[in-house]
Amino acid sequence: MSHRATQLENALRKVIRGKDDVIRLALVSVLARGQLADRRRSRGGQDDARPGVGAGIDCGFQRVQFTSDMLPADVLGISIYSALEQQFEFKRGPIFTNVLLADEINRTTPKTQSALLEAMNEGQVTVDSHYLLAAATISS
């Protein structure tokens, strides 16, 4: 393992204690610029550890609790008209982070799931016919 990977592993060990399998999966996920699907039931402390993944590698962290009434804009962001500047401004959603905890994805609508999956699979999102780069995600 390279020196940088060892540093990342040690940083993760500071925030995730006693969970070697989670640390390894998180490390592989970060190095592969991919996703980590943690389907285990939360058992005290794991919810505290997940934001620690972002802190442990000095990255941004966001959490989205998916519900049946969510829209794709709730995840991706939305363009809002600014009367002052007389143009639309894009307000980024939580998908634009380094580490995203997407909780209970199965509870939301297919369109919202599709928006999330586009970001996860392609590393980009489509908003107002524009392609924007999205971050890697860790989902649960």
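The values are calculated or read from the model by the stated rules, or taken from the named source; none is laboratory data. Nothing here was measured: the structure is a model prediction, and the numbers come from that model. Cβ sites come from the backbone with ideal geometry, for glycine too, and all protein chains shown count toward neighbours. The accessibility values were calculated without ligands, DNA or RNA, using every heavy atom of the protein model including side chains. Shrake-Rupley method; radii C 1.70, N 1.55, O 1.52, S 1.80 Å.
Some notes on this structure:
- Within segment 118-136, none of the residues are in contact with a helix residue (DSSP H, G or I) (Cβ under 6 Å, 6 or more places away or on another chain) and modelled with pLDDT of 85 or more.
- Number of residues in segment 1-31 that are open to solvent by less than 50 Å² (accessible area, probe 1.4 Å) and either touching a residue at least 60 places away in the same chain (Cβ under 8 Å) or not in a loop (DSSP other than H, G, I, E, B) (or both): the value is 11.
- Top-ranked residue in segment 70-101 [being open to solvent by 60 Å² or more (accessible area, probe 1.4 Å), part of a strand (DSSP E or B) and among the charged types (D, E, K, R); ranked as farthest from Val125 (Cα to Cα)]: Lys91
- Picking from residues in segment 73-122 that are closer than 23 Å to Val30 by Cβ and among the β-branched types (Val, Ile, Thr), the one that is nearest to the chain's Cα centre (by Cα) is Val99.
- For segment 39-61, the count of residues that are at pLDDT 75 or above, assigned to a strand (DSSP E or B) and open to solvent by 30 Å² or more (accessible area, probe 1.4 Å) is at least one.
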